[in-house]
Amino acid sequence: MSDDLTLFDLPAPEPPPAASRSDRGRAGYRYARSVAAEVTVQRIPVLLDAAVQAFDASPTFEIGEVDVDDEAPDSREQIGRDPAAALGWLLDPTDGMWPLLEAGSATVLEVDIDTSEVLPGRYRVRWTVVIQLRDVAAFRRVASDACSAEDTAARAEIAESLAAAWQRAAPPFAPLHRIPGITWSPVEAIVAHVPAR
């Protein structure tokens with residue numbers, strides 16, 4: 001055994017597994033789509049600048065009194081220096097879902113984002129969107145409209161699986177496409193029924 005330190009490449013993440021195909025979906029039920037990707041920040045200044053610009057363009061609301069002596073880091077400061085915070089700020093988990101929402105087929109109930117650094121400049125980004133299904137037929141219609149009329153296999157899959165319909169109507173990794181300065185690879189995209197509490 002050698003005591004020499006060596007550099008090595010992490011193995012490439014496995015391709016995303018097929019989403020659960022057993023649930024056709026029911027109106028009123030809650031479903032969660034959890035997505036994970038490996039993100040490498042290649043141009044940190046580009047990422048940080050884009051996050052600060054997005055922060056500056058966002059509306060702000062002050063609730064309650066502001067403590068001028070508060071030493072907690074300002075959100076703008078944090079996203080201007082921390083790539084993980086910048087990724088979290090720029091990531092919109094609902095990106096690509098607007099056709100589903102505008103069709104009245106679903107309502108977004110919760111959104112959660114988690115960004116953790118696994119190596120310098122490399123992050124595991126996870127996000128989950130929980131929806132309540134309103135109109136299953138409209139949901140499937142949006143998904144069918146997103147694929148070609150000749151793709152009968154995709155249309156059959158959409159008819160049988162809510163997970164397949166969601167993946168077709170709103171590609172799971174769409175939120176990463178608009179973030180500058182990064183490269184990414186998919187890890188997983190899973191759709192699951194969320195039992196009533």
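Out of Ala146, Ala164, Ala137, Ala156, one residue alone is in contact with an Asp or Glu (Cβ under 7 Å, 6 or more places away or on another chain) and of a type in the set (A, V, I, L, M). It is Ala164.
Within the range 58-78, at least one residue is touching a helix residue (DSSP H, G or I) at 6+ places or on another chain (Cβ under 7 Å), within 22 Å of Arg178 (Cα to Cα), at pLDDT below 95 and charged (D, E, K, R).
Among the residues of the range 125-150, just one is closer than 25 Å to Ser185 by Cβ and of a type in the set (D, E, K, R), namely Arg126. For the range 172-181, the set of residues classified as touching a helix residue (DSSP H, G or I) at 6+ places or on another chain (Cβ under 9 Å) and either open to solvent by 20 Å² or more (accessible area, probe 1.4 Å) or assigned to a loop (DSSP other than H, G, I, E, B) (or both) consists of Pro172, Arg178, Ile179, Pro180, Gly181, listed by residue number. Quick one: would you say Arg76 is open to solvent by 70 Å² or more (accessible area, probe 1.4 Å), more than 19 Å from Val46 (Cα to Cα), touching a residue at least 12 places away in the same chain (Cβ under 8 Å) and touching an Asp or Glu at 6+ places or on another chain (Cβ under 9 Å)? The answer is no for Arg76. Got at least one residue in the range 150-171 being assigned to a loop (DSSP other than H, G, I, E, B), under 19 Å from the mean Cα position of the chain (by Cα) and aromatic (Phe, Trp, Tyr)? Within the range 150-171, not a single residue is assigned to a loop (DSSP other than H, G, I, E, B), under 19 Å from the mean Cα position of the chain (by Cα) and aromatic (Phe, Trp, Tyr).
I'd like the residue in the range 1-51 that is assigned to a loop (DSSP other than H, G, I, E, B) and of a type in the set (S, T, N, Q) and, out of all such residues, is modelled with the lowest pLDDT. Step through it out loud before you land on a result.
Residues of the range 1-51 that are assigned to a loop (DSSP other than H, G, I, E, B), as a first pass: 1-29, 42-43.
Now narrow it down to the ones that are of a type in the set (S, T, N, Q): 2, 6, 20, 22, 42.
Values: Ser2: 42, Thr6: 39, Ser20: 47, Ser22: 54, Gln42: 96.
Out of the qualifying residues, it is Thr6.
Among the residues of the range 139-170, just one is open to solvent by 70 Å² or more (accessible area, probe 1.4 Å) and touching a Cys at 6+ places or on another chain (Cβ under 6 Å), namely Arg168.
Of everything in the range 182-197 that's small (Gly, Ala, Ser) and surrounded by fewer than 18 Cβ atoms within 10 Å (Cβ to Cβ), which residue is farthest from Asp49 (Cα to Cα)? First the steps, then the outcome.
Here is the first cut: in the range 182-197, the ones small (Gly, Ala, Ser) are 185, 189, 192, 196.
Right, trim to surrounded by fewer than 18 Cβ atoms within 10 Å (Cβ to Cβ) and you get 185, 192, 196.
Values: Ser185: 23, Ala192: 36, Ala196: 42 Å.
Ranking the qualifying residues of the range 182-197, first place goes to Ala196.
Residues in the range 98-114 that are under 19 Å from Ala189 (Cα atoms) and β-branched (Val, Ile, Thr) were compared, and the one that is surrounded by the most Cβ atoms within 10 Å (Cβ to Cβ) is Ile113.
The values are calculated or read from the model by the stated rules, or taken from the named source; none is laboratory data. No experiment lies behind these values; they were computed from the predicted model shown. No Cβ is skipped: glycine too gets one built from the backbone with ideal geometry, and neighbour counts run over all protein chains shown. Calculation scope for accessible area: heavy atoms of the full protein, side chains included, ligands and nucleic acids excluded. Shrake-Rupley method; radii C 1.70, N 1.55, O 1.52, S 1.80 Å.
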